[in-house]
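Asks: First, the structure itself, so that you have it in front of you.
Just so you know, all these numbers are worked out from the coordinates, no wet-lab data involved. All values derive from a computational prediction rather than experimental measurement. So basically every Cβ, Gly included, is an ideal-geometry build from the backbone, and we count neighbours across all protein chains shown.
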Amino acid sequence: MCKLLAVIKMLSSFVKLQVQNNFLQRCVFSQTKRTYSKKDTPDKIVPTKKDSKTIVSKTLKKGLASIKESLVAKDVDDILAEWMGRPQIVPKVCDIVIIGGGIMGSSIAYWLRNRVYSDHFKVIVIERDPTYTTASTVLSCGGLRQQFSLKENIEMSLFGAEFLRNINEYLGIIGEPAIDPYFHPYGYLTLASEQSAQILIENSKLQNFLGAKNIILSAAKLKSMFPWINTEGIELGCLGLEKEGWFDPWVLLSAFKKKALQLGARYIYGEAQGFTYKDKGNIGQLDGLIVKTKEGEIHNMKFALCIVAAGAFSGQIVDKLGNVQTENGLEKIYLPVEPRKRFVYCVHCPDGPSLNAPLLIDNTGTFLRREGLAGTYICGRSPEESEEPSTEDLSIDYDFFEEKIWPVLAHRVPVFEKLKLKSSWAGYYEFNTFDQNGIIGLHPYYRNLYFATGFSGHGIQQAPAVGRAISELIVDGEYKTLDLSNLDFDRILFGKPAYEKNII
């Protein structure tokens, strides 16, 4: 028995070193720029019928899944379990369990383990898809901006910019290659019509007061600086000069996860099935999380605190909670977060805007930015409420591009009349139906349940600040850096939405 334990210990040390070396090599490979205009990619993908589903090459899909699987950071214990043909080891007890291992959950895990560096402090992250195939994080466009109207959103994104600038001070590991998030610092350019021009001015004043740096440009100045823009119907534009742009979401997620693992967090691959309670019935403090692993095993994991950071599917997690005792009797408390599907289209236009063009936000809500160096761009917009597509799968609606996006692009940037659609993808958007802003902090009745969800498209740029904020609430009992109390669950209970003006 002693010899067997010695062999396992030696194997563990070997695997740890091998995994670290292999992962670093793969990270270097994964950080090459994404491109969608390969030689074997057709100029345009056109469905044979209006309602046809997207036809995707099975070989390509399998190959991409294999690459993603190889790039995911893993715990050494999980690697050993796979080699020995054993299921992953699920602890019976932990201090904190985080539901969701995307950018938000991994940020929280990092900040908690960074604050409490102890072998006795167990932080477990539950993630249902270790390859992140359909995760909102890796399917996002990686935007970073401070052009908001809410003070909290501006401040969180300002910290996001500072975090990216100094990412190696936060997430770097001694002896390993520096992290490059591939940040493109070309700013956002938000256009406003005469009706919304005053709101744009007011927002800009607040943004600059809080530390952002942007300027208001007249239509004439816009035309002078960006001659490729048709300024018809545009009164003003707001251009971000610093701390705005876009970056590689996969790099940031990988860095957060790898650092969290290095600090001692554990990732369990499975799904949250429900909760157990300290008191009888469903009206006491939460006591445990029922987890179904990818092997099909059911585990009841006891915890002290639980954090819901499951993105678009956070509402479904909270639906598993029972009723709570209120002054009106037993009631069900719902989390107003649901998945919405959003499309991103990749187009080619050799005469398009220059390499240093900002990310353009039209007054219609349509966005456009360069992707790579070969005349490739990505674009999209949110549909009207009545046009929301089904979330049953991530199939693409090409008619939406033809009817709602291309005409707007061709009007605002005339050279895009000659664009070619190269590829596209769809992702889930964690939509807060109450006010389209993040929900951060304690559940109003279960005092050991926290939320970090509902960011409605802002999550990836605000994840560093939210992770830090949640760690402060847990470790310090209050916010120490940014006061995000206006974004807690109480605003939903009392019907006081925190709306954005000119929300994107």
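Asks: Separation between the residue 354 and residue 93 pseudo-spin-labels, each 7 Å from Cα along Cα→Cβ, expressed in nm?
Replies: 6.4
Asks: Run the numbers for residue 169 and residue 215: contour at 0.36 nm per residue of separation, minus the present Cα-Cα distance, in nm. Don't skip to the answer; put the middle values down first.
Replies: Working: separation 46, 0.36 × 46 = 16.56 nm, distance 3.03 nm.
Length gained, residue 169 through residue 215: 13.5 nm.
Asks: Hey, what's the Kirkwood Rh for segment 230-387 if you take every pair of different alpha carbons, in angstrom? Walk me through the numbers before you get to the answer.
Replies: On the way: mean 1/r = 0.0483 Å⁻¹.
Computed over segment 230-387, the radius equals 20.7 Å.
Asks: What's the Kirkwood radius of segment 93-144 in Å, using all Cα pairs?
Replies: That comes to 12.1 Å for segment 93-144.
Asks: Can you give me the convex hull volume of the Cα atoms of segment 325-472, divided per residue and expressed in Å³?
Replies: 151
Asks: Next up: Between residue 417 and residue 285, what is the FRET efficiency for a Förster distance of 51 Å, r being their Cβ-Cβ separation, to the nearest 0.05?
Replies: Efficiency at R0 = 51 Å is approximately 0.25.
Asks: Segment 200-307: Rg/Rh from Cα coordinates, Kirkwood Rh?
Replies: Expressed as Rg/Rh, it is 1.29.
Asks: OK, next. Over what distance in Å are the Cα centres of segment 182-216 and segment 369-440 separated?
Replies: 22
Asks: Which trypsin sites (Lys or Arg not before Pro) in segment 371-467 sit in a loop by DSSP (not H, G, I, E or B) and have at most 10 other Cβ atoms within 10 Å of their own Cβ? Write down the numbers at each step before the final one.
Replies: Details: sites: 381, 404, 412, 418, 420, 422, 447; in loops: 381, 447.
Here no trypsin sites (Lys or Arg not before Pro) fit, given the DSSP loop and packing criteria.
Asks: Report the full-extension gain for the segment residue 319 to residue 402: residue separation times 0.36 nm, less the Cα-Cα distance, to one decimal in nm.
Replies: Residue separation times 0.36 nm, minus the Cα-Cα distance, leaves 26.1 nm.
Asks: Expressed in nm to one decimal, what extension gain is obtained for the pair residue 178 and residue 198 from 0.36 nm per residue of sequence separation less their Cα-Cα distance?
Replies: That pair, residue 178 and residue 198, stretches by 2.9 nm at full extension.
Asks: Please find the FRET efficiency linking residue 262 to residue 295, where r is the Cβ-Cβ separation and R0 is fixed at 22 Å, and quote it to the nearest 0.05.
Replies: 0.30
Asks: Beyond 24 Å between alpha-carbons counts as too far, so tell me which of 294/320; 278/320; 92/294; 151/404; 122/259; 257/501 fall in that bin.
Replies: Values: 294/320 20 Å; 278/320 16 Å; 92/294 17 Å; 151/404 32 Å; 122/259 15 Å; 257/501 33 Å.
Flagged as over cut-off: 151/404; 257/501.
Asks: Run the quick spin-label model on residue 121 and residue 224: label points 7 Å from Cα toward the beta carbon, then report their separation in nm to one decimal.
Replies: Going from the residue 121 label point to the residue 224 one covers 5.5 nm.
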